[in-house]
Each structure stands twice: as C-alpha cells, then as structure tokens.
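K.L.:
Below you will find the structure I want to go over with you.
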Amino acid sequence: MLRTRVMPCLLLKGKGLVKTEKFKNERYVGDPINAVRIFNQKEVDELVLFDIDSTNKQTPINFSLLEQIASECFMPICYGGGVKTMADFRKLFYMGIEKVSVSSLLFEKPDIIKEAVSVYGSQSIVATLDVKQSRFRKKYVVCTHSSKNKIKMSPVEAAQYASDLGVGEIILNTVHRDGTWSGFDSNLVKQVVDSVNIPVVAAGGAGSLDDIKSVVDDAHASAVAIGSMAVFQSKDMGVLIKFPSHSELSQILI
C-alpha cells in the first residue's frame, strides 16, 4: 500500500470538466461521468472535485449532477464549491460525498465550520487554501473566489486558523503553479506543513512523477493532487483522462 495518497483533482463547470492555467484560460476536458469511470478502472484511491462556478457566480450546488457522479464513483470524493450552510453539508454527506472542502466559508462564517466539524467529524471537513505569489514582490497571498478576493493572512496564518477551527486536512492550492507543469512550490508547502499538525495536500504544478516525489520527500506533503497530469497526454498536448499506475507510484513513494 502506498504511504502517500495521490489523487486527481477535477474542475467542474456547469455539467462539464475544465482545466485552468493559473486559475484562468479554461479549457474543456470532458464529461465528469466518463472521467470517473476511467478513474474507477485505474483504481484511484480518492478524487477531488471542485465546482469553480458555485462560489464565483453564486450558483446553487448542482446536487443532481453530484449524485450521479457519487453513484458512479468507486472511490471517496472530496467536493468543494458553493457550500454555505449546514443543510449543504447534510445533503452532500447524505448522497455519499465523503469529504466536503470549504474555502471562502472559512473566513466568512467560521461558526458553521465549527458546527460541521462537531457534527460530522474533523476527518470529513477539508480546508482549501488558494495561494498566489505576486509577480514583483514574490509575496504569498491567500485568496478566495478563484483568486479574486484577498485574505489578510499569510498562508501559515491561514493554515493555523483553519486547523484551529477543527478541519482535518488542508488542500494547499498554489495559483501561480496551477496548470503550468512546472512542479510544486515546495518552499510554500513546507512552510505550511511545518506550521500545522494535520495533513497537507499539495496541489498546483505537477508535471511529472519526479515532481510528486520531490514535494513528498522535500516538503513532506501528506498527499498530492494532480490536475493537468490527469487530464492531458502531456504539456501542450490533447485531452486524455489518465493516471499514473500503482507500479509507477510505488517506485517513487515507497
């Protein structure tokens, strides 16, 4: 069994999947049901699914589509996007979603996070922190709503804040590496890992198996989420839903 989880991270927009670069330049990559069926065949351990419209455009959570996805999916799903109330948590968990990710809600309504943790347990609530690096000052900025809104906390402060609310895991999503195939921001990942006592999932930048190995070995990420590597043949090539084999991952993670 692999000591580190590696999981595909899919972006849902409307009824289809897209992939972004630095949270922009959306490119359609296919049907979510089809992707899930392929990942089932690949025996993927876990799936991360973000609806990028639900928070940004204030559209309701597409529960009917999520129910279809959950019914097809043989692996645990972590879903994020548009979660605002305890009723949303309740409905998502009822339909079979194993983990619910929250981002803007962490900062807007922390009491709901605490209540969700008390009702469903820390292991079921995930904090997703979107972090981008300014081009000139190279300063890290925590943001929400697809990096449009800035939070007045450093990544370390935001991670500690989320941990204090009781979440069981943090997905650290680096906007400046998203879709670039340039590798993870291991410096940032290590800062956050060293600041909290809960698992940190590195997301944003994976372009090779060596990138996965590096962020685990050097930055001590507890898990890794891959986007472009799971939906494209390779950099600047066409769409292909795929995933590293267990044999390939075992060579770098065991």
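The values are calculated or read from the model by the stated rules, or taken from the named source; none is laboratory data. Keep in mind that what you see is a predicted model, and the values were worked out from it rather than measured. Note: ideal-geometry Cβ built from the backbone for every residue, glycine included; neighbour counts use all protein chains shown. We work out accessible area using only protein heavy atoms, side chains counted, and drop any ligands, DNA or RNA first. Shrake-Rupley method; radii C 1.70, N 1.55, O 1.52, S 1.80 Å.
K.L.:
Rounded to the nearest 500 deg cm²/dmol, what is the calculated helix-only ellipticity per residue at 222 nm for the chain, with -39500 (n - 2.57) per DSSP H run of length n ≥ 4? Kindly include the intermediate steps, with their values, before the conclusion.
P.N.:
Numbers: 10 runs with 87 residues, N = 254.
Taking each H run of at least 4 residues, the total per residue is -9500 deg cm²/dmol.
K.L.:
Could you sort out which of LYS84/LYS190; LYS114/LYS139; LYS22/LYS99; LYS57/LYS152; LYS152/LYS235 sit more than 28 Å apart by Cα distance in this structure?
P.N.:
Too far apart for the 28 Å limit: LYS84/LYS190; LYS114/LYS139; LYS152/LYS235.
K.L.:
Right, something else. Given an 8 Å cut-off on Cα distances and at least 6 residues of separation, report the relative contact order of region 124-254 as a percent. Could the numbers behind the result be given before it?
P.N.:
Numbers: 253 pairs, mean separation 24.3, N = 131.
Relative contact order here is 19 percent.
K.L.:
Compute the separation of the alpha-carbon centres of region 54-74 and region 25-50 and state it in Å as a whole number.
P.N.:
13
K.L.:
Let me ask something additional. Report the relative contact order of region 96-148, percent, no decimals, based on alpha-carbon pairs under 8 angstrom and at least 6 residues apart.
P.N.:
Working: 52 pairs, mean separation 17.8, N = 53.
Answer for region 96-148 is 34 percent.
K.L.:
How big is region 75-134 along each principal axis, measuring the range of its Cα positions in Å and listing the largest first?
P.N.:
Dimensions of region 75-134 along the principal axes of its Cα atoms: 40, 28, 19 Å.
K.L.:
Moving on to the next point. Taking the alpha-carbon distance from LYS13 and a cut-off under 19 Å, which aspartates and glutamates remain once sequence neighbours fewer than 8 residues away in the same chain are dropped?
P.N.:
Cross-link targets: GLU21, GLU26, ASP31, ASP51, ASP53, GLU67, GLU72, ASP88, ASP130, ASP178.
K.L.:
How much accessible area per residue does the chain have, counting only protein heavy atoms and a probe of 1.4 Å, in square angstrom?
P.N.:
Values: 11610 Å² over 254 residues.
That works out to 46 Å² per residue.
K.L.:
Let me ask something additional. Need the full-extension length gain, LYS22 to ASP210, defined as separation in residues times 0.36 nm minus the C-alpha distance. One decimal, nm.
P.N.:
65.6 nm
K.L.:
Between region 117-183 and region 79-104, what is the separation of their alpha carbon centroids in Å?
P.N.:
18
K.L.:
Along the charge dipole of region 14-96, Cβ charges K/R +1 and D/E -1, which of GLN58, GLY82, ASN34 sits furthest on the positive end?
P.N.:
GLN58
K.L.:
Moving on. Could you work out the relative contact order of the chain, using alpha carbon pairs under 8 angstrom and six or more residues apart, expressed as a whole percent?
P.N.:
18
K.L.:
Say the cut-off is 31 Å between C-alpha atoms; which of LYS15/LYS150; LYS42/LYS109; LYS109/LYS213; LYS19/LYS150 go over it?
P.N.:
Over 31 Å Cα-Cα: LYS42/LYS109; LYS109/LYS213.
K.L.:
Assign one of three labels to the chain, namely rounded, prolate or oblate, based on the Cα gyration tensor with a ≥ b ≥ c the square roots of its eigenvalues; rounded applies when a/c is under 1.5, prolate when it is not and a/b is larger than b/c, and oblate otherwise.
P.N.:
On the way: a/c = 1.30, a/b = 1.06, b/c = 1.23.
Rounded, since a/c falls under 1.5.
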